[in-house]
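Please read the structure below before turning to the comments.
The values are calculated or read from the model by the stated rules, or taken from the named source; none is laboratory data. This one's a predicted model, so the numbers in the text were calculated from it and none came from an experiment. Every residue, glycine among them, receives a Cβ derived from its backbone with ideal geometry; neighbour counts consider all protein chains shown.
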Amino acid sequence: MTIKVGDSIPAMKLMQATTDGPKEVSTEEIFKGKKVVMFAVPGAFTPTCSVKHMPGFVQNAAALKAKGVDSIVCTAVNDVFVMGAWAKDQGSGNDIVMLADGSGALAKALGLELDLVGRGLGMRSQRYALIAQDGKVTHLAVEPPGGFEVSRAESVLAKL
């Protein structure tokens, strides 16, 4: 079942890419008592994700935070080292928290996994963006396959 507005972000541990290396974090640490924008991409270094999705959040980080967002989180079904390298490549600095969902556990728990096995990419996450307040989803925008409109940083900014 897919997560929906009003639902809580599932409790689990993920790996965060930091400038000091990998760090285990819980979803409670990330979301508790905060307004968080989280967006997911099918994969780091993939065309739409690298050319459009991540750059939009990097460019709009200050505007999102000016609307009361405490943290901007990016997640993908990639390992923490790939997420760290992608953060450097994209120049996201400390503006975006990079969470590695290496085994796809978060994507599956949210009901937002994407089967790209037939394209040689394995199980991934759907492209989406959500807003959560204190761990509860207040806005969810899931893209249709191949879409890139409702999860853009500009679309999320308009919902704040």
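For residue 126, are the conditions met, namely being more than 24 Å from residue 25 (Cα to Cα) and not hydrophobic (A, V, I, L, M, F, W, C)? Break it down into steps so the answer makes sense when it comes.
On the way: more than 24 Å from residue 25 (Cα to Cα): no; not hydrophobic (A, V, I, L, M, F, W, C): yes.
No, not satisfied.
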Looking at the range 129-160, which of the residues that are at pLDDT below 95 and small (Gly, Ala, Ser) is surrounded by the fewest Cβ atoms within 10 Å (Cβ to Cβ)?
146
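For the range 79-160, please list each of the strands (runs of 3 or more DSSP E) lying entirely inside it that holds at least 3 residues being touching a Gly at 6+ places or on another chain (Cβ under 9 Å) and within 19 Å of residue 14 (Cβ to Cβ).
Filter on the range 79-160 gives 122-125.
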State the number of residues belonging to the range 55-64 that are under 14 Å from residue 91 (Cβ atoms) and touching a residue at least 60 places away in the same chain (Cβ under 8 Å).
4
Between 26, 92, which is of a type in the set (Ser, Thr, Tyr) and under 14 Å from the mean Cα position of the chain (by Cα)?
92
Hey, can you tell me all the residues within the range 1-55 that are of a type outside the set (Lys, Arg), under 17 Å from residue 110 (Cα atoms) and loosely packed, with under 15 Cβ neighbours inside 10 Å?
1, 2, 5, 6, 8, 10, 11, 12, 26, 28
Among 52, 67, which is the only one that is touching a residue at least 60 places away in the same chain (Cβ under 8 Å) and under 19 Å from residue 134 (Cα atoms)?
67
Every residue in the range 24-49 that is of a type in the set (D, E, K, R) and closer than 13 Å to residue 130 by Cα, please.
35
Take the residues in the range 88-108 that are hydrophobic (A, V, I, L, M, F, W, C) and out of contact with any helix residue (DSSP H, G or I) (no Cβ under 9 Å at 6 or more places or on another chain); name whichever of them is farthest from residue 158 (Cα to Cα).
105
